1. Do we have any residue at all in the range 69-88 that's under 24 Å from Lys145 (Cβ atoms) and under 18 Å from the mean Cα position of the chain (by Cα)?
2. Would a scan of the range 140-151 turn up a residue that is closer than 14 Å to Val305 by Cα, open to solvent by 10 Å² or more (accessible area, probe 1.4 Å) and in contact with an Asp or Glu (Cβ under 9 Å, 6 or more places away or on another chain)?
3. Where the second residue is among the hydroxyl-bearing types (Ser, Thr, Tyr) and open to solvent by 20 Å² or more (accessible area, probe 1.4 Å) and the first is in a loop (DSSP other than H, G, I, E, B) and lies in the range 141-158, which pairs have Cβ atoms under 8 Å and are six or more apart or on separate chains?
4. Residue check, Ser168 against (1) closer than 20 Å to Thr193 by Cα; (2) within 19 Å of the chain's Cα centre (by Cα); (3) part of a helix (DSSP H, G or I), all met but one. Which one?
5. Say we look at the range 185-227 and pick out the residues that are open to solvent by 10 Å² or more (accessible area, probe 1.4 Å) and polar (S, T, N, Q); which of these is nearest to Leu166 (Cα to Cα)?
6. Looking only at the range 286-308, which residues are over 16 Å from Gln218 (Cβ atoms), at pLDDT 95 or above and not charged (D, E, K, R)?
7. Go through the range 246-274 and count every residue that is crowded, with 17+ Cβ neighbours inside 10 Å, in contact with a Lys or Arg (Cβ under 9 Å, 6 or more places away or on another chain) and more than 26 Å from Thr175 (Cα to Cα).
8. Does Phe89 qualify as being within 20 Å of Tyr23 (Cβ to Cβ), among the aromatic types (Phe, Trp, Tyr) and either at pLDDT 95 or above or in contact with a strand residue (DSSP E or B) (Cβ under 6 Å, 6 or more places away or on another chain) (or both)?
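The values are calculated or read from the model by the stated rules, or taken from the named source; none is laboratory data. In this text the structure is predicted, and so the values were computed from the model without any measurement. FYI the Cβ positions are ideal-geometry reconstructions off the backbone, even for glycines, and counts take in every protein chain you see. Side chains included, ligands, DNA and RNA excluded: accessible areas come from the protein's heavy atoms. Shrake-Rupley method; radii C 1.70, N 1.55, O 1.52, S 1.80 Å.
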Amino acid sequence: MREQKTPAELLVGLDVTDDAAVYLVAPDIAIVETLDFFPPIVDDAYASGAIGAANAMSDVYAMGGEVLFALNIAAWPEDAPLAQLERVFQGATDKVAEAGGVIAGGHTVLDREPKYGLAVTGRVHPEHMLLKSRLRPGDALWLTKPIGTGVLTTAHKNGNLEAADLASAIAAMVTLNRAAAEAAVDAELHAATDVTGFSLAGHAYEMAERSSVGVRIQASRVPLLPGSRKHAESGISFGGLERNRSYFDDGTRVRFDGIDDALRTLLLDPQTSGGLLVGVPAAHAAAWQQECATRGVPSVEVGEVTAGSAGVTVVS
């Protein structure tokens with residue numbers, strides 16, 4: 001696919017990978033396009049739809065864009081109640097409406113395992129895009145949501161999660177990154193990504209690698225969802241977590257310095273609909289904090305960008 005001819009209007013695609021594709025249609029307008037879908041991670045159908053929608057739209061926000069419309073992508077077992085699928089669709093429809101967009105269509109296929117997500121179309125001003133490749137030494141790193149959704153939803157699947165902790169995880173996952181993206185754009189920031197399946201440490205490495213900088217994360221500052229540390233301490237293990245460990249925890253991409261096993265697990269925990277990880281130059285720090293406060297975005301400074309070889313160091 002990389003051998004295909006790339007038009008100049010494709011600002012972000014396979015040649016310059018990021019969270020979503022971006023295509024220039026006018027000097028001040030570019031289309032943002034992304035899609036995501038996956039099996040349900042909670043039992044409630046309405047919440048599953050809302051989580052799937054928020055997660056899919058997050059890539060538009062990670063680029064600094066706004067959502068215009070979306071198309072449903074669904075797979076459904078032939079013997080499963082259609083009323084449950086309707087609840088999935090309703091949860092997504094309401095979440096897209098909250099984003100200021102609309103679901104304009106979609107496609108459903110039969111499958112043994114249910115899956116749901118969206119193909120999302122948004123727009124962004126080409127000069128205001130947030131990119132993984134724009135971190136610079138001296139930037140502070142800020143995170144806009146607590147982590148731990150992978151550990152918690154796995155505990156839920158295992159029947160070992162308290163209702164209050166599940167509710168906290170769902171509340172985090174259905175929270176849109178819209179306000180955080182607006183705050184970043186209005187504060188004139190240029191570097192961001194959303195924290196999803198590759199974990200906080202993994203997505204920080206992506207930014208470091210594409211920006212040719214080092215990243216230092218202070219683990220004690222990273223916000224955690226209620227109950228997540230307890231389940232991480234139990235030695236919980238699942239596919240996404242082990243894949244992140246295998247790839248990122250190699251002492252080169254991500255290096256942990258004096259971090260206990262539970263916190264190490266959480267820093268490598270694959271997230272669903274996680275927050276934005278944002279690079280904030282010192283000159284823009286006051287504006288960023290003011291924009292976050294105005295919009296009610298609970299951002300936390302969790303690290304810094306350093307000169308040197310690309311990689312992530314996690315310290316206590």
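1. Yes.
2. The answer is yes; a qualifying residue exists.
3. If the second residue must be among the hydroxyl-bearing types (Ser, Thr, Tyr) and open to solvent by 20 Å² or more (accessible area, probe 1.4 Å), the pairs left are Thr144/Ser299; Lys145/Thr175.
4. Status for Ser168: all satisfied but (1).
5. Going through the qualifying residues, I end up with Thr196.
6. Matches in the range 286-308: Ala286, Ala287, Trp288, Gln289, Gln290, Cys292, Ala293, Thr294, Gly296, Val297, Pro298, Ala307.
7. Within the range 246-274, residues that are crowded, with 17+ Cβ neighbours inside 10 Å, in contact with a Lys or Arg (Cβ under 9 Å, 6 or more places away or on another chain) and more than 26 Å from Thr175 (Cα to Cα) number 2.
8. Values: within 20 Å of Tyr23 (Cβ to Cβ): no; among the aromatic types (Phe, Trp, Tyr): yes; either at pLDDT 95 or above or in contact with a strand residue (DSSP E or B) (Cβ under 6 Å, 6 or more places away or on another chain) (or both): yes.
Here the answer is no, as Phe89 does not meet what is asked.
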